[in-house]
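Throughout, read-outs are computed from the coordinates displayed, never taken from laboratory work. Predicted, not measured: the structure shown is a model, and the values here were computed from it. Here the Cβ is made from the backbone with ideal geometry for all residues, glycine too, and neighbour counts use every protein chain on show.
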Amino acid sequence: MSKIKIAIAGIGNCTSSLVQGIYYYTPERAGEKVPGLMHWEVGGYRPCDIEVVAAFDVDKRKVGKDVNDAIFEKPNCTTVFHRDLPKSGTIVKMGKILDGVSPHMANYDENRTFIVADVEEGTKESIVQELKDSGAEILLNYMPVGSEEAAKFYAECALEAGIGFINNMPVFIASNPEWAKKFEDANLPIVGDDIKAQLGATITHRTLTDLFAKRGVVLDRTYQLNTGGNTDFLNMKNQDRLASKKESKTEAVQAVAGARLADENIHVGPSDYIPWQNDNKVCFLRMEGDLFGGVPMNLELRLSVEDSPNSAGVAIDMIRCCKLALDNNEGGILTAASAYFCKHPPVQFTDDQAYEMTEKFIAERTGLKSAAE
Ligand SMILES: NC(=O)c1ccc[n+]([C@@H]2O[C@H](COP(=O)([O-])OP(=O)(O)OC[C@H]3O[C@@H](n4cnc5c(N)ncnc54)[C@H](O)[C@@H]3O)[C@@H](O)[C@H]2O)c1
């Protein structure tokens, strides 16, 4: 099988887990009971067939380093499950800062926050050229929440370089019809927006909400409070950057509710930054409803996960679906993959429906029987 050449903007905790995973899931593990992946192969592509050929960041501890070293630099703080990586030969280049670094980040200890590198910023031209020279086929966007300009800048770079785009964060690009049309017109695949972790707060909350609807339980009120201690949570202390994250997470739940909840009856969002939690994210979930005869019930759940590995396997499947589209000369929104792998896709489906659609998408492009059948 050929390699899947990817570029990444934002060498933070999510990228760290993704890159470690590419090396962790060696072909030798194929025979074992492989933990943590939804698919070993997608269209013949294994995780180890993914190669990072271009990388962009703005932090002085990452820019100029081999990407396989940069992922272990501070302020990254996610669990290291696979330390021993060879040099990749891909050096992290300086990106364009725009609104990627919130002013409030300057108020924190340098081990916890972003420190902008004192080198010349990348330009649209230099970044597009790097994407082209590297042979990258897909660009993954991992900008901090609230980076409206930076996320759109990297989407433009992908369009100009003529490559696919995966939007892992909640600036609405795939789910914005104007942007979706740009990718459709260029016949380039796009998956987005805002990656939905493997077994995180969103999929758990959605599954339970769908269960309430299917079992005829009226959902009256719900909240999902999340705490964590990584830079994603630190960045989200700036309330001005939160609007799209809250919308993405809230709509993901509203979309599967039997009846839409009034705004005052649903609260979903990042709730606090607790430094000692590092990349551990804890979700407190409460759902209040009415059973048979209008008799009340409630459910409380606490979920504790390491945030970044939780999304990396999903990213590996997004990359492989995007590659299948490229192999088949298909562009525009990948509807099934976006619905299954993202919180804020252009079209919402229940996770069962999205799973079946995604398995069908893969099977149709690889001549295999769908795993969902
Ligand atoms: N962990 C998950 O499960 C999950 C789920 C959904 C969405 N996300 C989203 O993915 C995004 C990345 O998450 P993370 O935990 O890796 O964040 P992070 O804070 O660890 O990493 C962000 C990286 O972007 C870099 N950066 C900032 N501005 C930049 C610019 N203009 N150009 C290039 N690089 C820039 C920072 O230096 C940092 O290395 C966030 O928006 C997060 O909300 C994560």
As a quick test, which of the pairs 96/360; 96/196; 182/246 have an alpha carbon distance above 29 angstrom in this structure?
96/360
Could you please report the charge total around residue 132, scoring K, R as +1 and D, E as -1 over all other residues with beta-carbon less than 12 angstrom from its beta-carbon?
-4
Quick one: which of 41-54, 268-281 comes out on top by average Cβ neighbours within 10 Å, and what's the full order, highest first?
41-54, 268-281
Residues other than residue 225 with Cβ under 9 Å of its Cβ, Lys/Arg counted +1 and Asp/Glu -1, net out at 0
Residue separation times 0.36 nm, minus the C-alpha to C-alpha distance between residue 220 and residue 30: what's the value?
63.9 nm
Taking every pair of distinct Cα atoms and averaging 1/r, then inverting, what Kirkwood hydrodynamic radius in Å comes out for the chain?
20.9
Once R0 is set to 25 Å, what does the formula 1/(1 + (r/R0)^6) return for the Cβ-Cβ distance between residue 243 and residue 106, expressed as a FRET efficiency to the nearest 0.05?
0.70
Here, residue 120 and residue 291, labelled 7 Å along Cα→Cβ, have an inter-label distance in nm of 6.9
In whole percent, what relative contact order does segment 171-258 give with Cα contacts below 8 Å and a gap of six or more residues?
35
At what distance in nm do the modelled label points of residue 60 and residue 303 sit from each other, each positioned 7 Å from its Cα along Cα→Cβ?
3.9
Charge dipole magnitude, Cβ of K and R +1, D and E -1 - segment 3-78, Cα centre, debye nearest 20:
140
Given +1 on the Cβ of Lys and Arg, -1 on the Cβ of Asp and Glu, and no further charges, what dipole in debye does the chain carry about its Cα centre, rounded to the nearest 20?
520
Could you grab the relative contact order for segment 201-306? Cα pairs under 8 Å, six or more apart, rounded to a whole percent.
38
Nearest 5 is fine: what % of DSSP beta bridges in the chain come out antiparallel, could you say?
45
Note down the magnitude of the dipole of segment 237-304 about its Cα centre, charges +1 on Lys and Arg C-beta and -1 on Asp and Glu C-beta and zero elsewhere, to the nearest 20 debye.
240
Which of the lysines could a cross-linker span from residue 181 if the Cα-Cα distance has to be under 16 Å and same-chain partners fewer than 8 positions apart are dropped?
152
Out of 254, 231, 78, whose Cα points farthest toward the positive end of the dipole of the chain (charges: +1 Lys, Arg; -1 Asp, Glu; placed on Cβ)?
78
How much length, in nm to one decimal, is gained on full extension between residue 178 and residue 265, taken as 0.36 nm per residue of separation minus their Cα-Cα distance?
28.2 nm
Measuring from the longest principal axis of the C-alpha atoms of the chain, the long axis of helix 13-24 (C-alpha) lies at a number of degrees, nearest 10, equal to 70
Degrees, to the nearest 10: 201-214 long Cα axis against longest axis of the chain:
30
For segment 90-179: rounded, prolate or oblate by the Cα gyration tensor [a/c cutoff 1.5]:
oblate
What aspartates and glutamates could a cross-link reach from residue 281, if we take a straight Cα to Cα line under 18 Å and drop same-chain neighbours fewer than 8 places away?
194, 232, 272, 300, 306, 307
Order of 171-177, 188-194 by packing, highest average Cβ count within 10 Å first?
188-194, 171-177
